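See structure below.
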Amino acid sequence: MASALSRNARILIDLTHLNEKGVWDVARLSDAPLVSTHSNVHAISPQSRNLIEKQLAAIRETGGLVGVSYVGGLIRPDGRGGTIARYAHRPYCLSR
C-alpha cells in the first residue's frame, strides 16, 4: 500500500533506517529507484544500518543513490569518526 501510494505521489522511500529485511521488502514492492540517504558500507563498518554488497547492487540497478553518513558508529566499527575514515565509504560506493 505505501509503495503504491508513494509511486502515485512520486515519493521515494528512504531505506536508511530499515533493517535488511525491510530493504528487501521495499525493493520487492516498489518500482521506484532505491534510495538510502545516509548509510554506509557494511564491509567497512559492520553495523546493521550499513548496506551489504547485494543492497548496494540493488540500489545501483534501480538507478537509486546512497548518501554517506558521517556518524561515527556508521563510519568505523569502533565508533570513532575522523576524516580518513569518513571518506573511505564514498570511493567504495562509487566503485560498485
Projected label distance in nm at His38 and Ser95, using a 7 Å step from Cα toward the beta-carbon: 2.7
3J(HN,Hα) from dihedral phi, the range 16-32, Karplus parametrisation 6.51/-1.76/1.60, rounded to Hz, x for glycine, proline: 3, 9, 8, 7, 4, 4, x, 4, 5, 4, 5, 4, 6, 8, 10, 10, 7
Quickly work out the Asp25-to-Ile11 label distance, labels modelled 7 Å from Cα along the C-beta direction, and quote it in nm with one decimal. 1.7
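Read the figures in this text as sums done on the coordinates, not as results from a lab. Everything quoted here is computed from the prediction, not taken from an experiment. When we count neighbours, we look across all protein chains shown, and the Cβ atoms used for this are built from the backbone with ideal geometry, even at glycine.
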